[in-house]
Amino acid sequence: MNMNGGQALMKALENEGVDILFGLPGGAILPVYDPLIDSSIRHVLVRHEQGAGHMAEGYAHATGRPGVAMVTSGPAATNIVTPLCDAYMDSIPMVVVTGQVPYAAIGTDAFQECDTTGITMSVTKHNYLVTEAADIPQVIHDAFYIATTGRPGPVLVDIPKDIVDPNNPRSAMEWYTPDSHDLPGYLPNQAGDAELIRQAAKLICEAERPVLYTGGGILKSRGAEALLELAEMTGIHVVTTLMNRGGFPDDHPLCLGMPGMHGNYTAVTAMQEADLLIALGARFDDRVTGKVGEFAPLAKIIHVDIDSAELGKVRRPDVAIQGDCRVVIEELVKALKEMGGSEAQPDRNQWRSRISGWQERFPLTYEQSKGDELLKPQYVLEQLRDSTPSDTIVASGVGQHQMWTSQYWKFNHPYTWVNSGGLGTMGFAIPAAIGAKAGRPDRMVWAVDGDGCFQMTAQELVTAATEGFPIKVALINNAYLGMVRQWQEMFYEERYSEVYLTRDVPDYKMWAEALGCVGLRVESPEEVGPAIAQANEIDDQPVVVEFRCEAEENVFPMVPAGMSNSDVVVDPSQRDQPR
Amino acid sequence: MSAADGGGTTTLVVRVENKAGVLARVAGLFARRGFNIESLAVAPTDDERFSRLTIVVGVDAAPMEQVVKQLDKLVNVVDIRELNPSASVERELMMVTVRANPDIRGQILDLVRIFQATVLNVGYDEIMVSLTGSPSRVDDFEDLLRPYGIVDVQRTGKVALPKLVKAAPDPLAP
Ligand SMILES: Cc1ncc(C[n+]2csc(CCOP(=O)(O)OP(=O)(O)O)c2C)c(N)n1
Ligand SMILES: [Mg+2]
């Protein structure tokens with residue numbers, strides 16, 4: 001079939017099962033926006049290209065399918081660099097199509113030209129500059145394959161205007177449906193080595209104080225069920241990193257919650273005291289390990305990861321297994337069953353009672369607000385958690401509010417937590433929530449956002465309002481870049497430098513209304529519940545609820561950067577407790 | 001870290017897809033860590049889909065381990081061999097123009113003979129010669145020519161292949 005490159009691009013995207021595209025047109029990508037009109041793919045017109053990228057990420061987080069964004073050249077391509085880097089750090093499958101100046105003009109400083117593939121080389125899993133219209137079907141097919149297999153990640157496809165412009169003879173091509181990939185350097189491997197899996201099983205059967213240290217790889221591999229089986233069969237406790245909240249149910253008796261800098265005391269301490277860490281799809285991030293040399297000093301390490309470059313990167317494992325988390329866990333369960341299943345596990349009663357002792361002495365805690373004090377953000381999050389369906393999808397920004405959300409929410413279902421972990425991108429919440437809602441219109445979607453973050457990407461609420469994505473935003477207005485304020489309070493002798501945002505400017509309620517949303521403002525504890533109930537009722541418009549919160553509240557526990565996890569600082573009210 | 005402050009050097013032979021931009025991807029992985037590439041040779045292979053890069057980095061094998069793994073992750077990188085100098089045969093080509101007034105030309109030709117180098121071109125007071133050999137032999141030759149006055153020198157950077165097995169297979173082995 002004869003067609004032009006632009007038509008081929010749309011057809012190739014349709015063939016990959018793309019149902020929604022987040023984007024914004026411009027000169028170089030214009031020819032592709034014409035066949036878009038006749039395509040089955042829905043396009044969501046964003047208000048800033050960063051929004052398109054985070055929406056694609058949110059969609060991928062919530063559905064497991066690759067998110068797709070399409071933007072023009074130059075400034076649009078640079079606007080989407082942050083989401084690419086974000087997706088790269090958090091292994092989010094995403095395909096971004098960028099327009100480029102005509103092939104012959106590349107390198108001439110043409111209008112809106114930038115070296116998109118050069119700029120994005122180190123923040124994508126792979127990228128392409130397509131030079132011939134005839135390459136489009138194959139490149140798109142390969143791009144989706146690379147984005148979604150192995151360790152997932154973003155792939156960028158840069159398309160010069162002439163090969164998609166029907167008025168240019170260089171766009172003429174004959175359609176073909178690619179049926180294979182010619183990628184001799186890319187052969188992702190799923191299965192783990194059987195002998196190593198047996199060794200791992202043996203270590204597990206010998207361990208007296210084992211902990212399952214589970215990361216984003218559990219969710220990426222759709223391995224939550226396998227993990228549940230492994231944990232229940234062995235009776236081993238589970239910590240879920242920021243990237244694996246929801247990958248193991250928080251209300252499960254074996255769940256210790258989040259480890260790391262702002263993790264639960266028990267999760268942090270159990271890892272420190274463990275004699276075996278079974279790291280599954282986790283990468284020993286510095287926010288988890290604290291001072292690496294003093295991290296889990298007594299523990300042997302089993303490390304399972306699809307990406308062999310993670311094995312031994314931070315901590316040398318005793319058993320390193322390259323493979324897909326779900327596949328390896330399933331094999332591990334089989335190997336453990338052959339060794340006697342739960343019968344073969346040693347008596348760990350003493351370890352269990354140490355864990356429950358920590359849980360009793362060091363639960364998450366905060367002091368309720370008194371008199372005419374403003375709201376405690378933790379209280380707001382508890383109320384929100386308790387008045388929304390348990391499968392609500394929660395997206396968050398970056399800062400204190402993110403840590404409180406991860407701490408106080410009860411994640412009992414996989415794919416209900418959408419956040420920016422590795423890059424820590426302020427402004428992620430609103431566009432990511434829109435993407436999640438686009439992927440899961442059946443679910444209630446709340447974004448928990450900080451006042452600082454909100455001001456970075458609030459314009460996408462216009463997208464939500466006009467394109468019909470009734471997300472809800474819980475805006476934690478603490479008048480500060482709170483996380484930075486906390487560091488200045490604790491580590492810079494309360495010398496506050498450029499962290500005060502002001503309490504009343506902007507007027508968030510009015511701003512929300514101007515953006516096409518319902519705007520609510522809550523100042524006292526009694527108003528919290530009713531406002532959430534009111535927001536939950538609204539299903540035809542986005543809602544922003546501004547919660548006016550205490551400015552001085554800090555996130556605890558906290559392991560100060562560079563310190564050992566053994567020096568975790570607990571809430572002031574718990575500081576006299578014996579450790 | 002560089003070879004000068006105590007580290008060794010590592011030689012990598014990297015087979016890559018013969019496509020635009022691949023060299024930049026490979027070089028970028030070294031650059032972002034501040035690892036300097038000491039020499040680099042790129043050439044097509046017998047299979048036209050691939051090229052071979054021989055990269056010498058002034059970094060020990062240990063810090064290189066992570067880079068090698070990440071190099072391997074590049075979609076266009078097909079395979080990587082790390083070559084230990086003692087277990088490989090290394091060659092480099094040097095072309096050099098040396099000042100050579102007619103009265104001292106004979107001394108230079110002596111060196112050319114001793115090293116089995118080749119005279120490529122002769123001028124009134126200069127001579128151009130080439131030498132192929134192990135990098136250290138090429139270093140020696142260059143050092144010996146230096147006092148005469150090197151006008152111009154070009155070295156290709158080394159290429160290498162693993163040494164071959166010496167022992168014949170045991171005829172009784174199954
Ligand atoms: C794009 C970006 N810029 C700067 C930072 C550094 N940073 C981390 S948290 C934070 C404060 C966030 O403020 P706010 O959104 O109000 O959240 P809060 O901590 O007050 O809950 C800042 C500035 C960042 N993570 N991302
Ligand atoms: Mg704030």
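The values are calculated or read from the model by the stated rules, or taken from the named source; none is laboratory data. No experiment lies behind these values; they were computed from the predicted model shown. Counting neighbours? That spans all protein chains shown, and the Cβs are built from the backbone with ideal geometry, glycine included. Only protein heavy atoms, including side chains, enter the accessible area calculation; ligands, DNA and RNA are left aside. Shrake-Rupley method; radii C 1.70, N 1.55, O 1.52, S 1.80 Å.
Can you say what percent of the DSSP beta bridges in the protein assembly as shown, counting only those with both residues inside, are antiparallel? Round to 5.
Details: 47 of 113 bridges.
Here the share of antiparallel DSSP bridges comes out near 40 percent.
Using a ≥ b ≥ c from the Cα gyration tensor of the stretch A:386-466 (square roots of the eigenvalues), is it rounded, prolate or oblate, where a/c under 1.5 gives rounded and otherwise the larger of a/b and b/c decides, a/b for prolate?
Details: a/c = 1.78, a/b = 1.10, b/c = 1.61.
Cα axes put the stretch A:386-466 in the oblate bin.
With r as the distance between the Cβ atoms of A:Asp250 and A:Arg361 and R0 = 25 Å, compute the FRET efficiency 1/(1 + (r/R0)^6) and round to 0.05. Present the calculation step by step, with values, prior to reporting the outcome.
On the way: r = 20 Å, r/R0 = 0.78.
According to the calculation, E is roughly 0.80.
Whose amide H sits under 5 Å from the amide H of A:Gly74, counting only residues 5 or more places off or on another chain, with H placed in the peptide plane?
A:Cys114
Could you do me a favour and compute the accessible area per residue for the stretch A:405-484, 1.4 Å probe, result in Å²?
Working: 1750 Å² over 80 residues.
Per residue, the stretch A:405-484 has an accessible area of 22 Å².
Using amide H atoms built 1.01 Å from N in the peptide plane, name the residues 5+ places from A:Tyr128, or on other chains, whose amide H lies under 5 Å from its own.
Correct list: A:Leu156, A:Val157, A:Asp158.
For the pair A:Gln199/A:Ala561, report the inter-label distance in nm, with labels modelled 7 Å from Cα in the Cβ direction.
Placing both labels 7 Å beyond Cα along the Cβ direction yields 3.7 nm.
Considering amide H positions built from the backbone, and no H for Pro or chain starts, which residues 5 or more places from B:Val151, or on another chain, come under 5 Å of its amide H?
B:Thr97, B:Val98, B:Arg99
Output needed: percent of Cα pairs per 10 Å distance bin for chain B, bins running from 0 to the one holding the longest distance.
9, 30, 26, 22, 11, 2, 0
Short version: which residues of the stretch A:135-184 lose at least 40 Å² of accessible area, all chains versus chain alone, 1.4 Å probe?
Checking the loss per residue gives A:Pro184.
List the extent of the Cα atoms of the stretch B:89-161 along each of their three principal axes, largest first, rounded to whole Å.
Largest to smallest, the principal-axis extents are 41, 20, 19 Å.
Which residue, B:Val75, B:Val138, B:Val59, has the most motion in a Gaussian network model of chain B that connects Cα atoms within less than 10 Å?
Its mean-square fluctuation being the largest, the pick is B:Val75.
Under a point spin-label approximation (7 Å from Cα along Cα-to-Cβ), what is the A:Asp182-B:Asp72 distance to one decimal in nm?
Each label point lies 7 Å from its Cα, and together they span 2.6 nm.
Could you work out the per residue convex hull volume over the alpha carbons of the stretch B:3-83, in cubic angstrom? Working shown, then result.
Working: hull volume 6.5 nm³, N = 81.
Roughly 80 Å³ of hull volume per residue.
With a 1.4 Å probe, what is the total accessible area buried between chains B and A, in Å² rounded to the nearest 100?
For chain B against chain A, roughly 1400 Å² becomes buried.
In µm²/s, what is D for the stretch A:377-548 at 10 °C and 1.306 mPa s, where D = kT/(6 pi eta Rh) by Stokes-Einstein and Rh is the Kirkwood radius from Cα pairs? Can you show the working numbers first?
Details: Rh = 15.9 Å.
Roughly 100 µm²/s, to the nearest whole number.
Based on the Cβ-Cβ distance of A:Ser387 and B:Glu82, what FRET efficiency does E = 1/(1 + (r/R0)^6) give at R0 = 45 Å, to the nearest 0.05? Show your work: numbers first, answer last.
On the way: r = 58 Å, r/R0 = 1.30.
Given R0 = 45 Å and the Cβ-Cβ separation, E is 0.15.
Sequence gap at least 6, Cα distance under 8 Å: using those rules, report the relative contact order of chain A to the nearest whole percent.
On the way: 1330 pairs, mean separation 82.3, N = 579.
Result for chain A is 14 percent.
Roughly how many percent of the accessible protein surface of the stretch A:282-410 is carbon and sulfur, given a 1.4 Å probe and a whole-percent answer?
Numbers: 2450 of 5520 Å².
About 44 percent, which is the carbon plus sulfur part of the accessible surface.
Pairs A:Lys291/A:Lys509; A:Lys220/B:Lys158; A:Lys291/A:Lys337; A:Lys370/A:Lys472; A:Lys410/A:Lys509; B:Lys73/B:Lys166: which are spaced more than 31 Å apart, C-alpha to C-alpha? Could you put the intermediate results ahead of the total?
Numbers: A:Lys291/A:Lys509 43 Å; A:Lys220/B:Lys158 43 Å; A:Lys291/A:Lys337 36 Å; A:Lys370/A:Lys472 28 Å; A:Lys410/A:Lys509 28 Å; B:Lys73/B:Lys166 34 Å.
Beyond 31 Å: A:Lys291/A:Lys509; A:Lys220/B:Lys158; A:Lys291/A:Lys337; B:Lys73/B:Lys166.
Cα gyration tensor of the stretch A:194-361, axes a ≥ b ≥ c as square roots of the eigenvalues: rounded (a/c below 1.5), prolate (a/b > b/c) or oblate? Can you show the working numbers first?
Details: a/c = 1.32, a/b = 1.08, b/c = 1.22.
Since a/c stays below 1.5, the shape of the stretch A:194-361 is classed as rounded.
Using only the alpha carbons, work out the radius of gyration and Dmax of the stretch A:191-265 in angstrom.
Expressed in Å, the Cα Rg and Dmax of the stretch A:191-265 come to 12.6, 37.
How high is the relative contact order of the stretch A:87-169, given as a whole-number percent (alpha carbon pairs under 8 Å, six or more residues apart)?
46
Run the 1.4 Å probe and let me know the accessible area of A:Cys325, rounded to the nearest 10 Å².
That residue has around 10 Å² of solvent-accessible surface.
Check cross-link reach from A:Lys334 to the lysines: straight Cα distance under 19 Å, and skip same-chain residues fewer than eight apart.
Excluding near neighbours in sequence, the set is A:Lys202.
Classify chain A: rounded, prolate or oblate, from the alpha-carbon gyration tensor (a ≥ b ≥ c, eigenvalue square roots; a/c under 1.5 rounded; otherwise prolate if a/b is larger than b/c)?
On the way: a/c = 2.06, a/b = 1.25, b/c = 1.65.
In terms of gyration-tensor shape, oblate.
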